[in-house]
Amino acid sequence: NPDEFAAYQQTIMPRTVFLKNLPREASVVDLGAGDGGLSALKAWPTPARPDLRLYAVSLEKGLYFDRYENFVLGDFNRELPQLNDRSFDALLCCNFLEHIEDPERCIEWISSVLKPGGRVFLEWPHETWKTMPSMTALKERGYEAYTTNFWDDNTHVDAWPMERILSAMAEHRLQVETSGRLFFPWLGDELRDHGVKNNDMPQRTYGVWLRFGLGQFVVASKA
């Protein structure tokens, strides 16, 4: 069942686990919100969390920003976002850190907008991604996907080593709860096969990412 498979995929992702387990009525910054697709996790998969209050920070207004309480637009590399001196219960940041020129400055800002005890989830590319075949090389072999090598995306700055991010967190009062790789071999193979069968580029791409553990994540809380 495709719907059950999609729900399972989302249920086991660390970002979903993080969001679904935040305190009731938590205020959450979605840093690098993109189109605002993260907001779908409030309702799906179960359990629904309609009580969560999301605030987007992004380069431009996303398609689903009407689902957010508010949003702030700007180029993070040029100027730090101004959130009107508000403090938040949590911050979630996925596929954004690799676009940032100064990750230490970003971690410092994240800590500054969290309440004491507030939690943060970061997800960004692992350095292994730099060694993967490019999407052009794979296409020549009959497998089409997006960004199978880190440098396929010319907006990427670097796949920052975990050690560097953890060091910055320690400096700015963020205590690590857990960290790891997004390595899901069976799920990656299933996504690959579903993507090929259904001519679905995103599934073929996620299949590569999860099969080879091309993402990494860390969860921390502010002391």
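Residue 34 fulfils the conditions (1) in contact with a helix residue (DSSP H, G or I) (Cβ under 9 Å, 6 or more places away or on another chain); (2) not in a helix (DSSP H, G or I) except for a single criterion, (1). The condition of being more than 14 Å from residue 95 (Cβ to Cβ), in contact (Cβ under 8 Å) with a residue 12 or more places away in the chain, touching a strand residue (DSSP E or B) at 6+ places or on another chain (Cβ under 9 Å) and among the β-branched types (Val, Ile, Thr) does not hold for residue 148. Go through the residues of segment 55-72 one by one and say whether even a single one is assigned to a loop (DSSP other than H, G, I, E, B) and under 20 Å from residue 221 (Cα atoms). The answer is no; no qualifying residue exists.
Only residues that are open to solvent by 60 Å² or more (accessible area, probe 1.4 Å), farther than 17 Å from residue 58 by Cβ, of a type outside the set (A, V, I, L, M) and within 15 Å of the chain's Cα centre (by Cα) were counted across segment 1-44, and they come to 1. Filtered by the rule that a residue be open to solvent by 10 Å² or more (accessible area, probe 1.4 Å), closer than 18 Å to residue 154 by Cα and assigned to a loop (DSSP other than H, G, I, E, B), segment 84-122 gives 95, 96, 101, 102.
The values are calculated or read from the model by the stated rules, or taken from the named source; none is laboratory data. As the structure is a prediction and not an experimental result, all values here were calculated from the model. Counting neighbours? That spans all protein chains shown, and the Cβs are built from the backbone with ideal geometry, glycine included. Ligands, DNA and RNA are stripped out before the accessible areas are found, and what is left, the full protein with its side chains, is counted by its heavy atoms. Shrake-Rupley method; radii C 1.70, N 1.55, O 1.52, S 1.80 Å.
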